[in-house]
Structures are given as structure tokens and as C-alpha cells.
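The values are calculated or read from the model by the stated rules, or taken from the named source; none is laboratory data. Small disclaimer: the values here were computed from a predicted structure and weren't measured. Note: ideal-geometry Cβ built from the backbone for every residue, glycine included; neighbour counts use all protein chains shown.
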Amino acid sequence: MCWRPTCWVRRASAGSKLDVEDDVTNILIFGVTGMTGGAVAEAALGCAWFRVTGFTRMLQGEAYDELVSKGVSVFTGDMNKPYTIKEAMDNIDTVFLTTTYWETMNAETEYQQGFNVVTAAVQCQVKHIIYVGAEYSMVTAAERCKCLEGKAMIENYIVSTGIPYTIVRLGFYFENFLSLFKPHQTSKNDFAIALPMANHGLNCGSIIDFGHCIAKLALRPDTYVFKTLKLATSYLTVTDIAEKLNTYFPDLNFYNPKIPLSAYRKFDFEGATELTTMFAHYRSLHEWDRTTAMELYSYNRTFEQWLKDTDRVLLEIIFENMDNFASDNVFRDANSFREQQEMMKKKLLDTVPLTYFFQSIFSSGSSQKTEKELSLTNQEKSRHAMRCKLFSEAHQKTDNLSCDRSRSKISNQEVKETEI
């Protein structure tokens, strides 16, 4: 048994007969077209020990075609329809489940979807379920952290069923800085990292690295069964993050605006209240032990290493609203400002490593799109394409996970839950 940097492999010793089919893990991944499920799928596809099935509502489209081209068996179903879930679990060994509050903005709906999947897994006698949960606490007696509440309820239900499980609680994704929490331009070369964490630290890491951790524990269920794992590769304040960005991009100025929670709650966008309660909860968390994450995947990257891999993507994203900024602010000569920004952008792009080429892997050539896809603006499509390309390229660049295969069957004896 051995490994090489680009993929996981197993080789037979001299005179032996190797039958991978007899020992392959059939894994069903929910949320396979999303950030978390997609990262797990990418990691699993790099290992000969997995046969990957993705569960999605998509009937066709770029994302669907991309999954099929990579070797994923795609099952079309609906987490709100239990009978479709049971059909997908035929001959499945391991279920990876991630749920989202943000699609419906309803914790009860998120819980019901998770309940449906877990119930089907129990009925189908799935050997192991891995769930991306969340620690939950009330910010105040009168305020619920709705975006975490549903996940905590699903965690409790999983434990109550007795099914062999592993619950993983993941740190804040570095990749969030490429989307919702991208640096916000406040003046010509100044960018605010608008996370209301004040001087509190944030457990964090790359979703690509977390994907490898989850794939590895799926191969070793006996080691991690009936446990709740906290996975993070770094513990950083927003000021730490800004300083690292300033070191990497010396011509720009990133800073921590130290936004009060009370001010963040008043921001004019849907979900501001939920995010405020989430960050209030994050402020209460202490630094997590990173030993488990390193045991699962020794190639976890620091923020600086991740930045080196994603520099061009980040630059494209933080400059994409340049025209809007020039017209909305008090610069008398907007054209001059745009010219300065273009020169700055060109200078930065010329000096950083050419890490990524921006072409969509999910957003080209579809003859039929979902209603949600059709409503996307060109800017959103561009951002989605860059994010998809990022995950694909970074997976290839960091896929050094050893296929250390020391499997054994999950014991049926009761194991006391342990939190690592």
C-alpha cells in the first residue's frame, strides 16, 4: 500500500491478487454541488477506495455534467421527499450529509431535511453517517441563532438513533473571503475585512483541506465513530488576517474595522440578524485543538499558503466592483480613479504567481438552466465560475493525501460519545 502526491493508490504486493471492488467504500454525498459537499467529492474522487454518488435536485446543467465527467454517479432527488432519499441509499456504505439554513432561511425546514436523510440512513442500515454540524448556544435568552439551531437539532437526532456517526464541526472557511465576506473597498487602496469579531480569534481553514480530512475519516470509521470532531487549521483574529494580506499585497491596505455587533445587525441585507448572532456565538469559542485535523490530513495549509494558491482569484474578486465604487463615492474624476485602479490591478497581477486561469467549469454550454441560474447577474456568474475553478485547481494542487488504509468493520458495541 503506498501513495503518491497526485492521487491515492493501492498496489498489490508480489504474487498477490488485488480486488479493489471487494473493499471499496460507496459514499453518498449530499450537497455535492455546494462548497462543502463539492470539496468532499473532489477529495474522494482522488482515491481508488471510493465510489462516489452525488445527491442533487438538478436534472441537467453545467454542474450536473461536470460531476458526471469526473466520475460521480449522480442521483436526482429531493431532501424534502424521503422516498427519493431511500432510493439513493441502495448499496451505500457511508453517507456524507451537509444541510443549509440559507436556502430557505428556516431552521425547521433545515432540520426536517436532515431528519429525512438520517431516518432513511437508519432504515437502510447505512454503516456510517458523517454530518457537518455546529455547536449551538443562545446569544441571549430571547434571541435564537437560527442558522446554527437546525444543525444542532440534527446532531441530537443523529445521536439518538444509535446509527454509527461522526459529527464534524468545521472552522470558518478561508474561501468565504472569495464570496460573501470578501474584502470591502472603502477608498482607493483600502479594504475592510468586515467580520464583526473585534479582537476575538476565529477557528478557520480551507474547505479543500477540510474535504480531505472528511474523506480520510470516511476510510477509517472505526477510529472516529461516535465522536464529534472540531476541525480547524488556524486560529486568527481579523487583524491577523489583515496583516497577512498586507504582507502579501504591500501596495494595498487591508484592515480590521472592528464592527460592533449592534452595527452589523443593522446592515441592510437579508440574513444580517442571523449572521450577527452567528458571529456573537463565534466570539464565545476558544481556540480548537488542531491535532485531529493534522492527523487526518498532514498537508493542511496556513492562511499564507492558501493565499499563495488563490492570490489571483482574490484580486479579481476585490476589484470586480471597481466601477460601482468610483461612481458611488466622492472622487471628482471617476475615470482617473478607474485608470489608477486598473494600473494597480495589472501591477499586482503581474507580480503574483500565475496560479489560476479564470474559465468556468460549471457555467458554459448549458442548453437548459434552472430558474435560479437564469436569475444570476453576469457578476454573480463570474464569481461562481471563479469559485468553482478555484476548488478544482486547488484540489489538484494539494491532493497529497495518503491512502493509508487500515480499515476494520465498525463494532456494534456501544461506544461512549467523545468530543475531540
>> I'd like to verify a number: residues in segment 245-303 that are part of a helix (DSSP H, G or I), closer than 20 Å to LEU180 by Cα and in contact (Cβ under 8 Å) with a residue 60 or more places away in the chain, how many?
In response: 15
> So PRO196 clears everything in (1) surrounded by fewer than 21 Cβ atoms within 10 Å (Cβ to Cβ); (2) under 24 Å from LYS230 (Cα atoms); (3) not aromatic (Phe, Trp, Tyr) except one condition, right? Which one?
Replying inline: (1)
> What number of residues within segment 190-239 satisfy the criterion of being in a strand (DSSP E or B) and of a type in the set (Val, Ile, Thr)?
Replying inline: 1
> Which one of these does ASP78 not meet: (1) in contact with a helix residue (DSSP H, G or I) (Cβ under 6 Å, 6 or more places away or on another chain); (2) in contact (Cβ under 8 Å) with a residue 24 or more places away in the chain; (3) not hydroxyl-bearing (Ser, Thr, Tyr)?
Replying inline: (2)
> Which condition does LYS17 not pass, out of (1) of a type in the set (D, E, K, R); (2) modelled with pLDDT under 85; (3) in a helix (DSSP H, G or I), if it passes all the others?
Replying inline: (3)
>> I'd like to verify a number: residues in segment 273-297 that are surrounded by fewer than 14 Cβ atoms within 10 Å (Cβ to Cβ) and either β-branched (Val, Ile, Thr) or modelled with pLDDT under 95 (or both), how many?
In response: 3
> So, of the residues in segment 157-180 that are over 22 Å from GLN113 (Cβ atoms) and in contact with a Cys (Cβ under 9 Å, 6 or more places away or on another chain), which turns out to be surrounded by the fewest Cβ atoms within 10 Å (Cβ to Cβ)?
Replying inline: ASN176
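If I filter segment 87-108 down to residues being part of a helix (DSSP H, G or I) and buried (at least 17 other Cβ atoms within 10 Å of the Cβ), which single residue comes out as nearest to the chain's Cα centre (by Cα)? Step through it out loud before you land on a result.
First, pick out the residues of segment 87-108 that are part of a helix (DSSP H, G or I): 87-88, 107-108.
Next cut, buried (at least 17 other Cβ atoms within 10 Å of the Cβ) only: 88, 107.
Details: ALA88: 23, ALA107: 20 Å.
Among residues in segment 87-108 that are part of a helix (DSSP H, G or I) and buried (at least 17 other Cβ atoms within 10 Å of the Cβ), the one nearest to the chain's Cα centre (by Cα) is ALA107.
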> Restricting the first residue to segment 84-111 and requiring it to be at positive phi, which pairs with a second residue that is crowded, with 17+ Cβ neighbours inside 10 Å and of a type outside the set (A, V, I, L, M) meet a Cβ separation below 9 Å and a spacing of at least six or different chains?
Replying inline: ASN91/ASN26; MET105/LYS146; MET105/CYS147; MET105/GLU274
